[in-house]
Structure formats: structure tokens, C-alpha cells
1. For region B:9-84, count the residues as N, evaluate 2.2 N^0.38 Å, and divide the Cα radius of gyration by that value, please.
2. So for chain A, averaging the separation of alpha carbon pairs under 8 Å that are six or more residues apart and normalising by length, what relative contact order in percent results?
3. Under 5 Å between amide H atoms, partner at least 5 residues away or on a different chain: which partners does A:Cys118 have, H built in plane at 1.01 Å?
4. Over what distance in Å are the Cα centres of region B:21-45 and region B:100-135 separated?
5. Considering only C-alpha atoms, what is the centroid distance from region A:286-343 to region A:58-107, in Å?
6. Restricting things to alpha carbons, tell me how big the protein assembly as shown is in terms of Rg and Dmax, in Å.
7. Roughly how far apart, in whole Å, are the Cα centres of region A:108-122 and region A:179-207?
8. Roughly how big is region B:9-84's charge dipole about its Cα centre, with Cβ charges of +1 (Lys, Arg) and -1 (Asp, Glu), in debye to the nearest 20?
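What follows draws every value from the coordinates through simple rules; no lab data is involved. From a predicted model like this one, the values you see are computed outputs, not experimental measurements. Virtual Cβ from ideal backbone geometry, glycine too; neighbours counted across all protein chains shown.
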Amino acid sequence: MRDFAYARAGTAEAAVGTLAAPRTAVIAGGTELLNWFRLGIAAADRVVDIGGLDELRGIARDGDELRIGALATLNEVGEHPLVTRLAGALASACLQAASAQVRNRATIGGNVLQRTRCPYFRAEEPLPWPCNKRDPGSGCASLAGRHERQAIFGWTQDCVAVQPSDPAVALAALDARADVLGPAGPRTIPMREFHLTQREAAAAGEPMRETRLGADELITGYRLPVSTAGQAYVKVRERASYEYAIVSAAADVRLAEGAGGPRAACAGEQRIAAARVALGSVAQRPWRLTAAEAELPGTPLTREALLPVIERAMADAVPLPQNGFKVTMARNAAVRALLAAGGAA
Amino acid sequence: MTLDFARRVEVTLRLNARSRTTVVSPRTTLLDWLRDDIGLTGAKKGCNEGACGTCTVLVDGRRMNGCLTLVVQCEGRSVTTVEGLAGMKGAGEVGGELHPVQRAFADHDAFQCGYCTPGQLMSAVACIAEGHATDDASVREWMSGNICRCSAYPQITAAVLAAAREEAGR
């Protein structure tokens, strides 16, 4: 790791004030940044430490919103009673991420800024193969080589990577907004739009851009509308713990009231009144199944009824030659998440 | 408002119950500092990327990967390594009575080559203190950040649960 100069920020504004200069990085937990430095994914001459900013800490309810400070660790978010009760999919996503000791350092602010786990991208410099993220214009070794873990939505010939964050999937499903501070002051970014697919980035003329966060901006926290609907986060992976997702799904389900309504339930059959569902690790951003969400009200909470709804919502998936299985796996994860959120699994 | 960026930083922290002041390059990880500057080689450098857990230490009582923590991030904090786990034999000297978790690991043959053991022990102490050592499944989930290539997992799980029961009984 190359050396750098270091300063502790006394305020969030002071931290942001340092970001105008090139090659200045923010450190919070450091679980990503230190590995970026080691691999050569990032290099900084100056590192500003925001870890001491109490103003960015804390989890609290504010009316109809849950506020989570950017410096809350994944374990703090995952085990906080307010999050467990009012944003259960987020709590579950946090606790299914990384390991207990990584979760004690990793912050919810930094987590969504982690970069892809594509093995061609995460190699030590000098890179022995092409990667447009590491060396723009060099090509994509994954598209030509192994890509069974890569995207089924939104990819381009330039890059097929997925965003691996678990919490980001829950934040997108729960309509969270990121509070962001920049040189011009604060603004918010809906977490549904925070990350960009390769296709969205290319359309905006910055093919390798991954988020809407500016280089001189800092995430200070998140606000989520509180939800008393059932929630779940389903993570499918090759080992039971401490592993990135192959696919994942976050869901929030409100069930219809019993008999008497216009869509009166058959005996013993529960129907969905409203649902939100997002897939993870299928694109470079969390993938909300909005077409399914429009169709789900009135749908019985059964695997048989949910499968065709999710299939229709995923009809625009474009798998790569090696990852067709992810379409099926993601469909099943979404169905499982909806069933679990509705209390049927 | 401008910040002063420094290439050498003075840090004061507590290490195994003893206060220390040190001057480090900002890039120095807690793991490298412990092993190379202080000479405490209990925490091991396995993967140096947060994947194996053998560098696990406690910072303010919470388990963390020493390889993912900078010394400059430990200002004012209290760091405990495996060397600080056993009872102290005199001022700052190690070698006293084993910690109950260490004894449970020995009693249950919870290691073979021993390379992961310092990290397993620190993680186990925290896992028990957090209240996560309740049953097999919970221990396996909350100890998953510590890899054992000899695959002593059944014995490690048994040791953690035994130490947790002993702690609860006291």
C-alpha cells in the first residue's frame, strides 16, 4: 500500500471541503478502501477520516421516517430494534453481509459504494488482462472469459459486472433516500436511482460511472419511510455464510384484509394488497421489479400465483452465455422473498 | 476551513490494558503495527484482505480485522490481542492463567495446526459477549469470519458453546 497523508475531519463540511483536490479519498470503516489501495483499484495522496463525526452516527425514528447515519456499522444497523421492526429487509441484508468482524468496521454509508467483486476487476496491478473499469478502453476480460456471476440486466459490451451490496438492494426496495453533502450543500438521491447500469452510464456519456454520487460529495445518512408490512431478504450463495450473493431479493408485502373486500380471499388463501420487490447481484444496480409490483395487488400469496408474475416482470432479462441459470435463480429468490415477507414461508 | 494532512501521525491508545503512544505512517495497519513494531505476533497475517479472520482483535471490545484497520483509526481506543487474553503474570507480562475460552479450545481439541487459533479465540470471546453463542447454528453463523483450513469447525463450535455455558454459570 502506497503511503498517503492523513487528516481527521472535525465536521462533514470540512471533509467535503477537501474533496475538490484530486486524489483525495474519504475513509470511514476502511474495509473497502484499504483493499482498493492494496490492489491499485484506487490511489490517494490524501485520506480524510470521517470516523470521528458523531453527527453522522445514530439510528432514530423521525415521524414516518427512519433515519440512519452513514457511520452506523452493518452490525449496528442489522441488530437495531427500530430497523428490525420497521425495515426488517434492511436489517436482514446487513446481517447476511460479510462477517461479524467486517460488519463491526464496515459502515452503511460506505457499503453502497463498494465495487464489483468481478475477479478480473479485483486483481493486483499491473493487471494481466483487460478491464475497462481499471484501464478504460482495454476491453472486458470477463465477457470473453468467465462470466457466470455477472449481469443479466443493463450490461454492455464494455462491462458485465454486478453491484454486490446486500444493503443497497434492501434500501432500493424500501424506497430509501441517501442524504448527500456536497460543496453546494445537501441534497438527496433516491436509492432506486443511486447506482447506474452500464447502459445507463453509457447513455449519460460516462460509460464507467457507477453511481450518481459526485466525486466531491459525501453520503451523510439515509431516510426510509417506516413500514409495518412484512419484509424479507433472501440471499442465495455458494456457502451458507460469509459469501457474496449469486442472486438476492428484498421484499416488502402488505396482505389484504380478510373477507368482505372487493377481492375477498378464498378460505385459507391470503392475497397481496401491496408489495415491493428488488433483485440483487443481477445488474450494476439493485433491480426493482416494478412491473411485478403493479401486478401483485390481488395476487394470492402462493408460489404458483407469484411465479408467472415475476417471470413476466423479468422478461427483459438478457443473460450472458454462461449465466442463464441466474434468471431462474433470481425469479425463485424473488418468489421466496415475497412468500417470506408475507409470512407464508 | 482547511485540514492539515500529515505524513506522520501520533496515536495514543491502550494495548492489552497498557497505554501506548506511537508515531506511525498513516498507511500502517493495526496488524502490521502489532506484529512488526510491537512484536505481538499472535494476530496472524493470513490473507491481508479481511477474508480469513486470523488477524481478529478486539477494539473497544468489538472484534475487527486488524488488516482492515489503520492504527490512526485507533486513537483513544482500547485494543486487545490474544496476548492480552490470559491473566497477566505481573506487570504487563503474559503467561498467567488461561482465559476460559482458551481453556475450552484446549479441552475440545478446537485446533490442529493452530494458525487460525488466535483469531478464532478473539472472535469467540466477542461472539460470547455479544450473546450470539446460543446454539450450534448461531455459533457457526457468527463465527463464519474465521476460516480454519484444518476444518476443526465442529470442535471450535463445541468449545465456544462450552465456554459460553461456563460464563453463564458463573
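1. Working: Rg = 10.9 Å, N = 76, 2.2 N^0.38 = 11.4 Å.
Here the answer is 0.96, to two decimals.
2. Numbers: 785 pairs, mean separation 57.0, N = 345.
So the answer I get is 17 percent.
3. A:Val162
4. That distance is 23 Å.
5. Distance between centres, Cα-based: 26 Å.
6. In order Rg, Dmax, the Cα atoms of the protein assembly as shown give 23.7, 78 Å.
7. Value for the Cα centre distance between the two parts: 16 Å.
8. On the way: 10 positive and 8 negative charges, 38 e Å.
Here region B:9-84 has a charge dipole of around 180 debye.
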